[in-house]
Amino acid sequence: EGICVCYSVPHFPFVEFTVWNEQMTALTGYTIEEINRLGWYQSLYPDPEVRERAQIRMDRMRYGDDLRAEEWEITRKDGERRIFAISTSRLEIDESTPGVVALIQDITNRKRDEAELRATTDLLHAVTEGTSDAIFVKDREGRYLLFNQAAARFVGKPIADVLGRDDTALFDPDSARYLMARDRQVMIGGVPEQEEDTITAAGVTRTYLSRKVP
């Protein structure tokens, strides 16, 4: 984490740092001498509205508000924009000068990964719900991780009642044992299998053509 300590000053650049660890330089591209000369607000927040919000945040910190893991987009010395999680607390530097200690993490990659995961999840949901075929995913223990609406209609249960449970919650005991044994065979063999399964669900016995892939 980047660690820094600063206090407000009445003149440009409005805040000065007394502690600035090496990670702060790695995160922002600025040394403590540069940031004190050029200004935290002026350098990292080129957008005037964002800069004003950051200065208001400083006032809140000086009067004792602990602000945890707020997300701020900053602009590094090299012009690259990154997302920081900034946590701050009031610090008594001396009797007359309340300061602030900040812990800073670069969460840009995590935010990007979260966005990509959401996009992938949305795409997967669109694909699975855009077909009349029952589609499901199970973990190694046979518990359902994904169950589309078509599958829910087949078993006569809402999706929420299926996720996290195994086949014993959906089918009669013989059908459940058969299906779970087949799943284990597919996982152990490591190759796709296609078979006709005759199983009973919601009191109705049907024959399905199923394709299972490890």
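The values are calculated or read from the model by the stated rules, or taken from the named source; none is laboratory data. In this text the structure is predicted, and so the values were computed from the model without any measurement. Cβ: placed from backbone, ideal geometry, glycine included. Neighbour counts: every protein chain shown. Surface areas here come from the heavy atoms of the whole protein model, side chains and all, with no ligands, DNA or RNA. Shrake-Rupley method; radii C 1.70, N 1.55, O 1.52, S 1.80 Å.
Near Gly142, once Lys and Arg are set to +1 and Asp and Glu to -1 for all other residues with Cβ below 14 Å from its Cβ, the sum equals +3.
Between 0 and 90 degrees, the angle of helix 173-189 with respect to the longest Cα principal axis of the chain falls at about 60 degrees.
Pairing the Cα long axis of helix 108-129 with the longest principal axis of the chain, what angle in degrees results, from 0 to 90 and rounded to the nearest 10? The angle comes out near 20 degrees. Taking Lys and Arg as +1 and Asp and Glu as -1, the other residues whose beta-carbon sits under 11 Å from that of Gly2 total -3. Loop-located chymotrypsin sites (Phe, Trp or Tyr not before Pro) in segment 39-124 (DSSP state not H, G, I, E or B) with no more than 16 neighbouring Cβ atoms inside 10 Å: Tyr63. Solvent-accessible surface (1.4 Å probe) assigned to Arg177 amounts to roughly 140 Å². DSSP beta bridges fully contained in the chain are about 100 percent antiparallel. Shown in residue order for segment 192-200 are the 3J(HN,Hα) couplings computed by the Karplus curve 6.51 cos²θ - 1.76 cosθ + 1.60 at θ = phi - 60°: x, 9, 10, 8, 8, 10, 9, 9, 10 Hz (x for Gly and Pro). Let me check I've understood the local charge: for Leu67, count other residues with C-beta under 9 angstrom from its C-beta, Lys and Arg +1, Asp and Glu -1. What total comes out? Local charge sum for Leu67: 0. For Lys157, the lysines whose Cα falls under 23 Å of its own Cα, not counting residues fewer than eight places away in the same chain, are Lys138, Lys212. Against the criterion of solvent-accessible heavy-atom surface with a 1.4 angstrom probe, Lys77, Lys111 sort, most first, into Lys77, Lys111.
Pairwise Cα distances in segment 1-106 exceed 21 Å in 25 percent of cases. Equivalent ellipsoid of the chain: semi-axes from √(5λ) of the C-alpha gyration tensor, largest first, are 59, 17, 15 Å. Entry for segment 98-214 at q = 0.20 Å⁻¹: log10 I(q)/I(0) = -1.17, Debye formula applied to identical alpha-carbon scatterers, no solvent contribution.
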